[in-house]
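The values are calculated or read from the model by the stated rules, or taken from the named source; none is laboratory data. Everything quoted here is computed from the prediction, not taken from an experiment. Cβ: placed from backbone, ideal geometry, glycine included. Neighbour counts: every protein chain shown. For accessibility, only protein heavy atoms count, side chains too; no ligands or nucleic acids. Shrake-Rupley method; radii C 1.70, N 1.55, O 1.52, S 1.80 Å.
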Amino acid sequence: MSVDNILNRLSELKVRALQSLNGIDDTEALDSWRVDYLGRRGELTQILRGLSDLDNDDRRHVGSLANNIKSELEQSLSDHQQSLKDRELAGRTQFDVTLPGRSIDMGRLHPTTQIVREICDAFVSMGFQIAEGPEVEWDRYNFEMLNIPKDHPARDMWDTLWVDYKDNNGDTPMLLRTHTSPMQIRIMEDSEPPIRVIVPGKCYRYEATDATHEWHFYQVEGLAVGEGITFADMKGTLFEFARIMFGSDRKVRFRVDYFPFVEPGAEMAIDCFVCKGSGCRVCKNSGWIEIMGAGMVNPKVLEGVGYDSSKYTGFAFGMGPERIAMLKYGIDDIRLFYSNDMRFLRQF
Ligand code: PHE
């Protein structure tokens, strides 16, 4: 083959290779292009093989030209590869507006928080204010000023977690409050009647846990003090609360109960809102569900904070929101509230 002939073939090959490269838009076709033009059995290699027939000068001349073409084609190949890749990436960032959106996992309020708020709202609608107080409390407020002196057997009602702290000012021992009732004292010490307040908050008891007992739980306390407040006011207020929380056709029942800081003391029950009183699992076949302790503030407690008990009377009550949530939602184990199991919490 003559030199001219080879040179012609080379330049024709270059033009053809570049043209066909331009039309390629997928990587598979690009690969077979590489095999066709630059591969070991490709056209260029074949032409180069034919160079052995030429004399030295011609071979050098044609060889260097062929190598230039080869590197030019290799460069074009890698440019083209890059532009295909760029195009593919650009395509991926375009989004399909018809795809369904990804759902966002929303936070939610803990069931206890929801019930506490519901309880508070019910009393706020009757003119009560909301107050909160310390969870680490003095014996004086948790017990003594609530008419539960040291060594009084009634202390057995509240198994206590004591805090190992000695106070230099001769104050009483420290504990984790076993109920929210100490806030009755704190509020009365800080203000004058009339008082209408509710106190939501955490309480602690030194207690083995089971389906109905937790060592840590919430209470909502209530206190109303003023002139001429009677047991009937208490009944009316708590009856209204039961209707707001559990439905307008509720009946309520008060039975005598004992708490040292109230006299007389009562336990309030509502007729079962599930079976309407005929007996079921929720009310343990009694038709009634106990929902709180209550009573008229003991005159000794009023005197203890410096109130004139011949002028002022009042009532107090305390309830467990987890218990109320259990009744409302049919939850059968109080430990579910604080075991952080999302399968439980997601249901509220
Ligand atoms: N503090 C009482 C308890 O924890 C409940 C209660 C509050 C009873 C107020 C009467 C009046 O059991």
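Each helix, a run of at least 4 DSSP H residues, gives -39500 (n - 2.57); summed and divided by the residues of the chain, these come to -12500 deg cm²/dmol at 222 nm. Note that region 103-247 presents 51 Å² accessible area per residue, ligands and nucleic acids not counted, probe 1.4 Å. With pairing defined as another cysteine C-beta under 4.7 Å, the cysteines of the chain that fail it are CYS120, CYS203. Region 31-46 and region 178-242 have Cα centres lying 90 Å from one another.
For THR172, the amide hydrogen comes within under 5 Å of the amide hydrogens of ARG140, counting only partners 5 or more places away or on other chains and with H modelled in the peptide plane.
Decide, for region 3-92, between rounded, prolate and oblate: order the square roots of the alpha carbon gyration tensor eigenvalues as a ≥ b ≥ c, take rounded if a/c falls under 1.5, and otherwise choose prolate if a/b is larger than b/c, else oblate. Prolate shape, in that a/c is at least 1.5 and a/b is the bigger ratio. Comparing mean-square fluctuations of MET268, MET106, MET292 from a GNM of the chain with C-alpha springs under 10 Å, the top value falls on MET106. Take ASP333, project a point 7 Å from its Cα along the Cβ direction, then tell me which residues of region 100-116 have their backbone nitrogen under 18 Å from it. From region 100-116, the list is 111-112. Using the Cβ-Cβ distance between GLU189 and SER103 with R0 = 51 Å, the FRET efficiency computed as 1/(1 + (r/R0)^6) comes to roughly 0.50.
Here the accessible area of region 111-345 is 49 percent carbon and sulfur, with a 1.4 angstrom probe and all protein chains present. Label separation (VAL35 vs GLN81): 1.6 nm, computed from points 7 Å beyond Cα along the C-beta direction.
When you filter the chymotrypsin sites (Phe, Trp or Tyr not before Pro) in region 167-254 for DSSP loop state and at most 16 other Cβ atoms inside 10 Å of their Cβ, you are left with TYR206, TRP215. Amide hydrogen proximity for CYS280: with H placed 1.01 Å from N in the peptide plane, the residues at 5 or more positions away or on another chain lying under 5 Å are ASN285, SER286, GLY287. In a shell of Cβ-Cβ distance under 13 Å around GLN75, excluding GLN75 itself, what net charge do Lys and Arg (+1) and Asp and Glu (-1) give? Result for the neighbourhood of GLN75: 0. Report the paramagnetic label zone for ARG346: residues of region 106-122 whose backbone N is under 12 Å from a point 7 Å from Cα along the Cα-to-Cβ axis. Correct set: 106. Solvent exposure of region 3-92 amounts to 67 Å² per residue of accessible area, where only protein heavy atoms count and the probe is 1.4 Å. Taking the Cα centre of region 111-345 as origin and assigning +1 to Lys and Arg Cβ atoms and -1 to Asp and Glu Cβ atoms, the resulting dipole is close to 860 debye. Measuring nothing but protein heavy atoms, the accessible surface of region 3-92 at 1.4 Å probe radius is 44 percent carbon and sulfur. Residues in region 259-330 average 40 Å² of solvent-accessible surface per residue, probe 1.4 Å, ligands and nucleic acids excluded.
Once you order the gyration tensor axes a ≥ b ≥ c over the Cα atoms, which shape class does the chain get: rounded for a/c under 1.5, otherwise prolate or oblate by comparing a/b with b/c? Judged from the Cα gyration tensor, the chain comes out prolate (a/c at least 1.5, a/b above b/c). When a/c reaches 1.5 or more, the comparison of a/b and b/c decides; with that in mind, is region 122-264 rounded, prolate or oblate per its Cα gyration tensor? Prolate.
For ILE130, nonlocal amide neighbours, meaning residues 5 or more places apart or on other chains whose placed amide H falls under 5 Å from its own, are ILE198.
Helix 27-38: angle to the longest alpha-carbon principal axis of the chain, degrees 0 to 90, nearest 10? The helix 27-38 is inclined about 20 degrees to the chain.
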